[in-house]
1. Just to confirm the number: angle between the C-alpha axis of helix 201-215 and the first principal axis of the chain, 0 to 90 degrees, nearest 10?
2. With a bin width of 10 angstrom, please list the P(r) values of the chain as percents of all Cα-Cα pairs, from the 0 bin to the one holding the largest distance.
3. If you fit an axis through the alpha-carbon atoms of helix 283-321 and take the longest principal axis of the Cα set of the chain, what angle between them do you get, 0 to 90°, nearest 10?
4. Heavy atoms only, probe 1.4 Å: what % of the accessible area of segment 1-58 goes to carbon and sulfur, would you let me know?
5. Quick one: 3J(HN,Hα) in Hz for segment 73-79, Karplus 6.51/-1.76/1.60 with θ = phi - 60°, rounded, Gly and Pro as x.
6. How large is the direction-averaged shadow of the alpha-carbon convex hull of segment 16-130, in nm²?
7. Quick one: what are the phi-derived ³J(HN,Hα) couplings along segment 130-137, Karplus 6.51/-1.76/1.60 with θ = phi - 60°, whole Hz, x for glycine and proline?
8. Ignoring ligands, DNA and RNA, what accessible area per residue does segment 24-71 give at 1.4 Å, in Å²?
Amino acid sequence: MEQNGASLATICLLCSSVLVILFTSLTMYAGINDTLNSFAPRDLTIITSQKLTAQQESTINSVAKKHHAHLNKPVTFTTSAPQYGYWENNRFINQGDLQDMTNQTTNMVITMSTATYNRIADKHVKLAANKALIYSSAKEHRGTLQIGSQKYQATPIHDFNYYFNPSHAIYSPIFIITNKLPANTAIINFTGINYRLNGSKKAHLNFKNDLQAQLHLPNQAYSSRTNLRSQLTSLYGGIVFLGILISFALGITTTVVIYFKQITEGYEDQYRFKTMQQVGLSEKDTTKSIHSQVLMIFMLPVVGTIINLCFAIPAIRQILIQFNFYNVRLMAIIAVSITLVLLCLYFAIYGLTTRMYRKIVEQG
């Protein structure tokens with residue numbers, strides 16, 4: 001083990017790097033839909049401080065008619081403007097608006113009335129004055145919570161189709177559903193529109209860009225799933241390409257290290273196995289010894305690699321939360337999949353190495 005220690009550590013480090021790089025990049029790419037659902041829960045999402053005027057609604061219809069887009073009935077509702085801050089035990093420390101953030105900031109809190117929630121979610125919820133429902137994708141909150149001067153007995157909900165991140169910020173939104181919005185709080189108006197348009201991707205982009213221009217909306221108030229998908233696919237696709245390229249280079253390095261390590265040890269073990277055969281070691285025992293030794297050398301690094309990945313996943317998840325990705329189930333599926341692929345490739349190298357090692361030993 002003293003002789004193999006440095007080589008085993010090198011192989012473990014290289015394999016761990018491959019798994020972490022592939023896991024992170026593939027999870028980001030696979031989670032594009034989760035990010036889209038947060039940034040733009042509808043094909044077109046408009047967030048303003050005032051409700052859309054009759055003239056703006058007429059403009060939406062006329063632009064849609066011009067581009068032959070068929071609009072579904074829009075979904076509109078009002079919530080409180082997001083308040084940014086962080087949790088201290090069960091108390092939310094409100095830091096104010098987006099420009100007031102510090103390195104302690106972790107979340108934004110958005111309040112919605114039960115009347116609004118019942119209307120858009122088709123529910124019939126009734127809450128007492130000190131009761132609240134709470135939805136959070138990143139971390140579940142429950143029990144007695146204090147937000148500002150108000151204390152709530154909060155019950156988590158696990159499904160909310162109108163969850164959204166109004167500022168596309170890295171801070172995770174938390175929705176509080178109560179009987180009424182807090183007093184003296186700014187509000188925002190959400191308008192979500194789905195549509196059907198027979199045409200190319202360019203036709204979709206032209207429609208959405210024309211609509212934004214006609215409504216005179218800034219980028220922070222207008223989100224298009226098509227535009228966002230195009231941007232995220234380009235960005236994350238590039239990250240996946242780099243991840244695969246780097247992993248391929250590290251994989252080749254790992255294979256070369258393992259291969260030449262076993263060849264070198266094969267020549268070093270020639271004399272030892274020859275001596276053992278001279279004192280009565282059978283060919284069957286020789287083969288068993290070879291497999292046992294090579295398998296031990298192969299399994300220790302891969303076990304260490306899996307342990308390293310398990311410890312790395314929580315840290316990677318915290319990074320991915322900053323990209324509005326919260327799907328733990330998808331993370332687990334990707335982690336298991338790439339680990340199984342690595343094991344298959346690893347044992348293929350094991351088979352090749354064992355044959356080469358055995359051939360060299362038996363030549364002695």
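The values are calculated or read from the model by the stated rules, or taken from the named source; none is laboratory data. Just so we're clear, the structure is a prediction, and the values are computed from it rather than from any experiment. Note: ideal-geometry Cβ built from the backbone for every residue, glycine included; neighbour counts use all protein chains shown. Heads up: the accessible areas ignore ligands, DNA and RNA and are worked out on the full protein's heavy atoms, side chains in. Shrake-Rupley method; radii C 1.70, N 1.55, O 1.52, S 1.80 Å.
1. 40
2. Using 10 Å bins, I get a P(r) of 5, 19, 21, 18, 13, 10, 8, 5, 2, 0 for the chain.
3. Long axis of 283-321 versus the principal axis of the chain: about 20 degrees.
4. Details: 1470 of 2680 Å².
The value for segment 1-58 is 55 percent carbon and sulfur by accessible area.
5. 4, x, 9, 10, 7, 10, 9
6. Working: hull surface 50.8 nm².
In nm², the orientation-averaged hull projection of segment 16-130 is 12.7.
7. 9, 9, 7, 9, 9, 10, 9, 7
8. Value returned for segment 24-71: 51 Å² of accessible area per residue.
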